[in-house]
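Working notes, structure below.
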Amino acid sequence: MPSGLTGRISPEFKQKEEHHTWESFQKFIDAKKGMDLPGISQLKQYFHRFGYLPTANISKPDFNDHFDQGFESAITLYQSKFGLNVTGKLDSDTVAQLMAPRCGVSDGTVTVRPESAVTVHAIKHFAFFSGEPSWTRTRPMKLTYALSPDDTINYINQANLKEVFRRSFSRWAAVIPVSFTESSDYMFADIRIGFYSGSHGDGEPFDGVLGVLAHAFSPESGRLHLDKAETWSVDFKKDKSSIAIDLESVVTHEIGHVLGLAHSRVKDSVMYPSISPRIKKVDLREDDVRGVQALYGSNPNFRFSSLIQSEISSSSPVSIRLPEKMTAIVVALAALILISYRL
Ligand SMILES: [Zn+2]
Ligand SMILES: [Zn+2]
């Protein structure tokens, strides 16, 4: 593996002709219950993999091409999780979401805590892995991370790559009492990051261009893996590829898994399972922060008021669901804090 390459080698030209994972799902638009369609078994396999379709034989799932009741139930569950119209049908919106690149971590096998703490929230959307695993170290907690010296990419220079990881970790460190330090000792780092192609020894092979982009393991594994086949980007102004994926957005999401968060239903949250090419989504939303703080507590320097203010003033739709009166109070409070801060 050449090291010290600082120039960018554009990978676009070789990927133009390449097959994109899941693009064949397009042909299932408007498939109806009762039909037998070649390839439905692949879609069943997809639903099984991501936690929507159980199977009698877990060690050797065997699916046929019949659009049956179980398959319809899987579609319904998937639609409700992704905030789509719940029709039980393979409408175009559902198929588009199924084809969208996403994280390889399953949406199933999660636990949602019963409402215990009093929050201003009517609904909580964040989730944890089964058993709610988290890192158990003495507080204040210090974790180290390292990028594999061998399993890396060479078309982004190492300094830029390191800066992406540093920023991604710092977003989580800002909200919880945990610090992350880069280590040069890959073998002994708590969190080990690498870029891999296809099968890479953990039973979760990567699938080529788009499809699954990355995955990470729940605490205290510390493994964070990125699919080497993607066109990873740190700057969309320079990278013109239509399939470029923002590295920082995906790394920030995967760190959430490393810390113990499962997928969220909130579309704007960092922990939502899918992200489109050429989209950057790196800022933690209230749902992400509430979730990770339920596991680790709050960073003493963190204030929710600033986060709520930035969510309200951001151009994307506000993800927090507050009763109208409460929203007015929060906005007024945030304004007061801002005013008194400026005075
Ligand atoms: Zn994920
Ligand atoms: Zn892996």
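Quick notes on this one:
- Subset tally (residues that are surrounded by 15 or more Cβ atoms within 10 Å (Cβ to Cβ), part of a loop (DSSP other than H, G, I, E, B) and either in contact with a helix residue (DSSP H, G or I) (Cβ under 6 Å, 6 or more places away or on another chain) or charged (D, E, K, R) (or both)) for the stretch 136-171: 2
- Considering (1) of a type in the set (A, V, I, L, M); (2) modelled with pLDDT of 95 or more; (3) within 19 Å of the chain's Cα centre (by Cα), the lone condition that V110 does not fulfil carries the number (2).
- Positions within the stretch 215-226 being within 19 Å of P149 (Cβ to Cβ) and either surrounded by 21 or more Cβ atoms within 10 Å (Cβ to Cβ) or more than 14 Å from ligand 1 (Cβ to nearest atom) (or both), in sequence order: G222, L224, H225, L226
- Residue within the stretch 286-306 that is of a type in the set (V, I, T), away from ligand 1 (no atom under 12 Å from the Cβ) and in a loop (DSSP other than H, G, I, E, B) present: no
- Residue count for the stretch 206-221 satisfying the condition of being away from ligand 2 (no atom under 12 Å from the Cβ) and more than 19 Å from P101 (Cβ to Cβ): 3.
- Positions within the stretch 220-266 being β-branched (V, I, T) and within 16 Å of the chain's Cα centre (by Cα), in sequence order: I245, V250, V251, T252, I255, V258, V266
- Boolean, F206 is part of a strand (DSSP E or B) and modelled with pLDDT of 95 or more: no
- Residues located in the stretch 239-264, provided they are closer than 26 Å to E220 by Cβ and assigned to a loop (DSSP other than H, G, I, E, B): G260, A262, H263, S264
- Evaluating G203 against the criteria (1) crowded, with 20+ Cβ neighbours inside 10 Å; (2) within 16 Å of ligand 2 (Cβ to nearest atom) leaves one unmet condition, (1).
- The residues of the stretch 83-94 that are touching a residue at least 24 places away in the same chain (Cβ under 8 Å) and at negative phi, listed by number, are K89, L90, D91, S92.
- Test: residue in the stretch 63-78 that is aliphatic (A, V, I, L, M), in contact (Cβ under 8 Å) with a residue 12 or more places away in the chain, assigned to a loop (DSSP other than H, G, I, E, B) and crowded, with 16+ Cβ neighbours inside 10 Å: no
- Entry remark, the stretch 192-214: residues being within 14 Å of ligand 1 (Cβ to nearest atom) and free of Cβ contacts under 8 Å to residues at least 60 places away in the same chain number 0 in total.
The values are calculated or read from the model by the stated rules, or taken from the named source; none is laboratory data. This is a predicted model, so every value here is computed, not measured. Note that each Cβ is placed from the backbone with ideal geometry, even for glycine, and that neighbours are counted across all protein chains shown.
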